[in-house]
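Here is the structure we will look at.
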Amino acid sequence: MHTLRLNTATRHLCAGVYLDRGFRTKVLHKVHNDTRHMIAPSYGFDLVPVVRHAWRAWILEHAQHVAVVLVVSIGFAANPPAVVGIGCVLCVVTVVRLAARHGVHLARRQAKVATDSFLHRAMWRSTTDALRQGRRVIWLGGWAVLGLLSAPFLLAGVQGVHPEAMVRTVILLVALLAGVVAIRAALTQWCMNAMHHADPLDDTPTTVRLADIAAQQYHPVVVYRRPEPPTPDEADELRLPRWRLGDEEEEDFFVGAGLLVHRWMPPLAIQLRAEEDEEESSSPRFRASELVAHLRGTMAPLGAADDPTSLPGFQIRDRLFVPEDDVAERPSWLWEDLDQTEIDAAVDSPYGLLHHYLEIRTSATGEIVTTVFLRVTVKGRTLSLDFAATALTRTPREFQILDGHAESGAGAVVRALLRALAGLPAEVGAAYRLVLAPWTLLRACLAGRNGLVRPRRGRTVGPILSIRTERATDWENKSEFDEVTIQDHVKLIELRLLNCTETFLKKRGLDVSGFSKRAASIINAGILNMGGRVDVKDSAVGPNSQYRHDVRDDSRAEEGAHG
């Protein structure tokens, strides 16, 4: 039985950089080497171990490529026909595997044709054509193998190299290449095993860039991008309206937090007036920062480690959101933290540059992350509460392979080695990727300089990628149990926030009757909008509305309207 590990998402992403080359390239190029944009906030995972393992996987892969090039270069210097022999042998292996794959299908079709002929059943022309094409592929594969095996001997005869010496050299070089590939596969699996069993994960920044990443992923200020204007097709007036809760603007607002699943629209707003007064108070009896501090203190016990009823992975903190178009002057808070006084000043300035949200996060499985954002503002002698909730789904199934039975022990190392040997031609052929290594290394060396300090014309600083949302499974493929967990957490936090706010208002001697009614309506709604689109069919909306089946519809002909 597996115990709950709150860093499960981090471990799966670390495994992903070993298993998915495209994902690893994004982590290195778009995250580590890109210092001109801020790092997206990390919700439910730590980015530093992911980047560190991405570099480890990159080094192992390119060390294999360097070893392959050295082996081939030494072989070419010693016996040029042997290098041609290596290429021919690898091509023969590839052709034989393809021919064997086609041979299985060919044998099945041949058996089917023989059965149909024996039973005097009609045969489709497509079956005979496929059988003929399969035979042609096998025939061409045989000639290709014969030609590939003959080419090294012909070249050896032209250059005066003894065939026996060439064969010995080819065998030696192929064995060296196989050893290189096998060692890299074994080391990769060993690194994955060590990462999977490490407790806790090593998240100590060892370079200047990793220190910047560690600071920026938890930075109190989040820079977001405003949505682009709609295209002419999207703004077509003839298009039917579609109701969506999480439009593009709201999804872009919560950078890296996942899909917007719930929001109070409009925000909850109540007039601030004393219990004995019938009119609103001439001046608020508190500042918004005071209510935020009260909520921060009263919500903190939900994450108590010694409380068995607490929410797992519970965290509460301040976040300040700002559009990237408004930070052209490169203020100091881009690379420096803000103290609590500056954060409170932003809370009490509802129309300022920075928009404050109280961020509350919990995760029951270490992967399913539910984040609640609450903005508290006092304006027009009215308290306004803007509530929104987002959710992150699980990582891809292929990233979770280490959680399977016997997938992280010595047997896994042996299986990884055998898989690498089976794909030897592809592993050797991938050495061409070595040409891009200097560019990656150069960008990594320059990543020690903070690109946010120096303004650049026409360049913004907002994050362009969140690797967590990049590899989150589609919301449509989520588990129903995961959806129930998200609903439960959102409602629990929502109820606690409303109760704490009502208690605070009572202590300040304010009338809470209106607040209590609106809070009750929110709690009793019991509906969590999960995004997507709503299609209304076979329904009537509005007073005195009627709906009648169309009897001309062929699919409802039996129902009829006569009778």
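Would it be correct to say that residue 555 is assigned to a helix (DSSP H, G or I) and modelled with pLDDT of 85 or more?
Details: assigned to a helix (DSSP H, G or I): yes; modelled with pLDDT of 85 or more: no.
Against the criterion (assigned to a helix (DSSP H, G or I) and modelled with pLDDT of 85 or more), residue 555 does not qualify.
Please go through the range 471-508 and give me each residue that is in contact with a Pro (Cβ under 7 Å, 6 or more places away or on another chain) and among the polar types (S, T, N, Q), ordered by number. Break it down stepwise before answering.
In the first step, residues of the range 471-508 are kept if they are in contact with a Pro (Cβ under 7 Å, 6 or more places away or on another chain); the result is 471, 473.
Passing the criteria: only 473.
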Out of (1) assigned to a helix (DSSP H, G or I); (2) touching a helix residue (DSSP H, G or I) at 6+ places or on another chain (Cβ under 9 Å), the one residue 146 does not meet is (2)
Residues in the range 286-313 that are buried (at least 16 other Cβ atoms within 10 Å of the Cβ) and at pLDDT below 90: how many? 5
Scope the range 371-414; condition assigned by TED's automatic domain parsing to the domain that holds residue 346 and small (Gly, Ala, Ser); matching residues: 380, 384, 388, 389, 391
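Of the residues that sit in the range 117-143 and are among the small types (Gly, Ala, Ser) and in a helix (DSSP H, G or I), which one is farthest from residue 85 (Cα to Cα)? I'd like the intermediate steps shown before the answer.
First pass over the range 117-143, keeping only residues among the small types (Gly, Ala, Ser): 117, 122, 126, 130, 134, 141-142.
After this cut, where a residue has to be in a helix (DSSP H, G or I) as well, the list is 117, 126, 130, 134, 141-142.
On the way: 117: 45, 126: 40, 130: 34, 134: 28, 141: 18, 142: 18 Å.
Only one residue tops the list, namely 117.
Here is a list: 478, 507. Which entry is within 28 Å of residue 309 (Cα to Cα), modelled with pLDDT under 70 and among the basic types (Lys, Arg)?
Details: 507 fails: modelled with pLDDT under 70.
Testing whether each residue is within 28 Å of residue 309 (Cα to Cα), modelled with pLDDT under 70 and among the basic types (Lys, Arg) leaves just 478.
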Within the range 444-496, take every residue that is surrounded by 15 or more Cβ atoms within 10 Å (Cβ to Cβ), touching a Ser or Thr at 6+ places or on another chain (Cβ under 9 Å) and basic (Lys, Arg) and give me the one that is farthest from residue 42 (Cα to Cα). 496
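Conditions tested, residue by residue: (1) farther than 24 Å from residue 422 by Cβ; (2) over 43 Å from the mean Cα position of the chain (by Cα); (3) outside the structural domain of residue 67 (by TED's automatic domain parsing).
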site: 135; (1), (2), (3): yes, yes, no
site: 138; (1), (2), (3): no, no, no
site: 145; (1), (2), (3): no, yes, no
site: 171; (1), (2), (3): no, yes, no
Would you mind stating whether residue 96 is in contact (Cβ under 8 Å) with a residue 24 or more places away in the chain, aliphatic (A, V, I, L, M), touching a helix residue (DSSP H, G or I) at 6+ places or on another chain (Cβ under 8 Å) and within 30 Å of residue 189 (Cβ to Cβ)? yes
For the range 342-364, indicate whether the set of residues that are exposed (fewer than 13 other Cβ atoms within 10 Å of the Cβ) and in a helix (DSSP H, G or I) is non-empty. no
Of the candidates 267, 220, 205, 227, the one satisfying the condition of being modelled with pLDDT of 85 or more and touching a helix residue (DSSP H, G or I) at 6+ places or on another chain (Cβ under 6 Å) is 205
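Looking at 78, 40, 111, 57, which one is crowded, with 17+ Cβ neighbours inside 10 Å and at pLDDT below 95? Steps first, answer last, please.
Values: 78 fails: crowded, with 17+ Cβ neighbours inside 10 Å; 111 fails: crowded, with 17+ Cβ neighbours inside 10 Å; 57 fails: at pLDDT below 95.
Result: 40 is the single residue among 78, 40, 111, 57 that is crowded, with 17+ Cβ neighbours inside 10 Å and at pLDDT below 95.
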Pairs returned, first residue in the range 56-74 that is over 21 Å from residue 17 (Cβ atoms), second residue that is at pLDDT below 95 and small (Gly, Ala, Ser), beta-carbon separation under 7 angstrom, 6 or more apart or interchain, are 68/431; 69/431
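In the list 24, 97, 11, 52, which residue meets the criterion of being among the charged types (D, E, K, R), surrounded by fewer than 20 Cβ atoms within 10 Å (Cβ to Cβ) and either over 30 Å from residue 165 (Cα atoms) or over 15 Å from the mean Cα position of the chain (by Cα) (or both)?
Numbers: 24 fails: surrounded by fewer than 20 Cβ atoms within 10 Å (Cβ to Cβ); 11 fails: surrounded by fewer than 20 Cβ atoms within 10 Å (Cβ to Cβ); 52 fails: surrounded by fewer than 20 Cβ atoms within 10 Å (Cβ to Cβ).
Residue meeting the stated conditions: 97.
The values are calculated or read from the model by the stated rules, or taken from the named source; none is laboratory data. Keep in mind that this is a model prediction, so the values were computed, not measured. Heads up, the Cβs are rebuilt from the backbone with ideal geometry, glycines too, and the neighbour counts pull from every protein chain shown.
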